1. So, in region 109-137, of the ones that are in contact (Cβ under 8 Å) with a residue 40 or more places away in the chain and more than 12 Å from the chain's Cα centre (by Cα), which residue ends up nearest to residue 70 (Cα to Cα)?
2. Limited to region 70-92, what total is found for residues that are touching an Asp or Glu at 6+ places or on another chain (Cβ under 8 Å) and among the charged types (D, E, K, R)?
3. Counting only residues that are out of contact with any helix residue (DSSP H, G or I) (no Cβ under 7 Å at 6 or more places or on another chain) and surrounded by 19 or more Cβ atoms within 10 Å (Cβ to Cβ), how many does region 232-256 have?
4. Within region 40-94, which residues are modelled with pLDDT under 75 and in contact with a Phe, Trp or Tyr (Cβ under 6 Å, 6 or more places away or on another chain)?
5. If I filter region 138-171 down to residues being free of Cβ contacts under 8 Å to residues at least 24 places away in the same chain and aromatic (Phe, Trp, Tyr), which single residue comes out as nearest to residue 88 (Cα to Cα)?
6. One residue is enough: does region 172-185 have a residue meeting the conditions among the small types (Gly, Ala, Ser), more than 26 Å from residue 340 (Cα to Cα), assigned to a strand (DSSP E or B) and in contact (Cβ under 8 Å) with a residue 24 or more places away in the chain?
7. Can you tell me which of 267, 275 is in contact (Cβ under 8 Å) with a residue 60 or more places away in the chain, over 27 Å from residue 190 (Cα atoms) and either touching a strand residue (DSSP E or B) at 6+ places or on another chain (Cβ under 6 Å) or of a type outside the set (S, T, N, Q) (or both)?
8. Output the residue which, of all residues in region 304-329 that are at pLDDT 90 or above and among the hydroxyl-bearing types (Ser, Thr, Tyr), is farthest from the chain's Cα centre (by Cα).
Amino acid sequence: MSETFSRTEKATQIIWKNSLAISIVLGGLFLGSLFVDIGQLVLGRGFSQSAVREHEVLEQGERTWVAYRDPRVDVTLLTDPDCKACDTDEALVWLRRVLPTMSISIVFEDSDEGRQLIQQHEVQALPTFIFSSTLSKTDFFTQANSLFRSSGKQYLLNIEELGLPIGKYLRTPSVNKESVVLGNREAPLTVVIYSDFQCNFCSSFHTNQIKKLLDEYGNQAAFVFKALPLDTHPKASLLAAASLCANEQGKYFEYASAIFGKQRELEQRQNTKQELKNLSWMAKLNWKTFSDCLDQDRFAEQVTNEAAEARSLGLTATPAVFIGNRFLSGAAEYDTLRQMMNDALGESH
């Protein structure tokens, strides 16, 4: 009997001691929290957890903190510090406005982390914004998810959709034996021009800026001409194929100039193939050779392949120009093109 009582008494003592220990710990935590609150209040060096929970806006000194319901979103900006065209100041201002819980870190493309990110997310151009998975829980993503593409558990911003310029391409268009190349094919600098023969901007760009570039830099660079027929231009693919038929006879630029010169007439005529054949004299082509090429649709597949490659690079408008790994969208002024050519030539030597 005494042994049973002794065991019960010991168990009671253990429970009492544990309860006392827990009470001391909880009391300490309460007092600690209280002292923290008082200390922070007196010294003005921060906010307590209770203050953060209970207030939407907190102010200290000259700084103000605002509570958001969206989670923190970590953003990695992948860029090249030497790329002048990779400036992201405007983009960051806009992003911070629509995504205030964003926390950004910068990674350079030539670092180990940068190379890993390029491979992991198949990055093709800089700058690139990579968002953490918490982006999907924000109001902004709910409203504008079309601006992003998923990559694993992360998201990449399609900056072209926002009208922001691409600063630098990590992959440039291919050049092969079928490509139209004018100028110096062996030159260290390659310039690639994408056009649509029904594009009004392409017409003036071809006649003015591109002609001047060939005249001034024809011996210093290889100029590659590629087709990017837009969906809104139903005859553009056929016109591009005709220009490749002319290239078989070494008359690409001359015939392309003829097409652009008759752009409106070609859009209005029903028998476009016949009209294209009628233009052959303007480029001094062998009519039969050119006519056979056009009738056989000899270059239809090449036009399709060039357009597919352009779209894989994210191109959606013409004209579009690659000067080395630099990119320009739209009919840039000649002075802009000239400056980019000189910069690229300086780097290639």
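1. Step by step, filter region 109-137, then rank; the result is 137.
2. Counting residues in region 70-92 that are touching an Asp or Glu at 6+ places or on another chain (Cβ under 8 Å) and among the charged types (D, E, K, R) gives 2.
3. Result for region 232-256: 3.
4. First, the residues of region 40-94 that are modelled with pLDDT under 75: 40-58, 60-61, 65.
58 - this is the single residue of region 40-94 that is modelled with pLDDT under 75 and in contact with a Phe, Trp or Tyr (Cβ under 6 Å, 6 or more places away or on another chain).
5. If we take residues in region 138-171 being free of Cβ contacts under 8 Å to residues at least 24 places away in the same chain and aromatic (Phe, Trp, Tyr), then 148 is nearest to residue 88 (Cα to Cα).
6. The first filter runs over region 172-185 and keeps only residues among the small types (Gly, Ala, Ser), leaving 174, 179, 183.
Now restrict to residues that are more than 26 Å from residue 340 (Cα to Cα): none.
Scanning region 172-185, I find no residue that is among the small types (Gly, Ala, Ser), more than 26 Å from residue 340 (Cα to Cα), assigned to a strand (DSSP E or B) and in contact (Cβ under 8 Å) with a residue 24 or more places away in the chain, so the answer is no.
7. Numbers: 275 fails: in contact (Cβ under 8 Å) with a residue 60 or more places away in the chain.
Of the residues listed, the single one that is in contact (Cβ under 8 Å) with a residue 60 or more places away in the chain, over 27 Å from residue 190 (Cα atoms) and either touching a strand residue (DSSP E or B) at 6+ places or on another chain (Cβ under 6 Å) or of a type outside the set (S, T, N, Q) (or both) is 267.
8. Checked region 304-329; the qualifying residue farthest from the chain's Cα centre (by Cα) is 304.
The values are calculated or read from the model by the stated rules, or taken from the named source; none is laboratory data. This one's a predicted model, so the numbers in the text were calculated from it and none came from an experiment. Cβ coordinates were reconstructed from backbone atoms using ideal geometry, including for glycine residues, and neighbour counts include every protein chain displayed.
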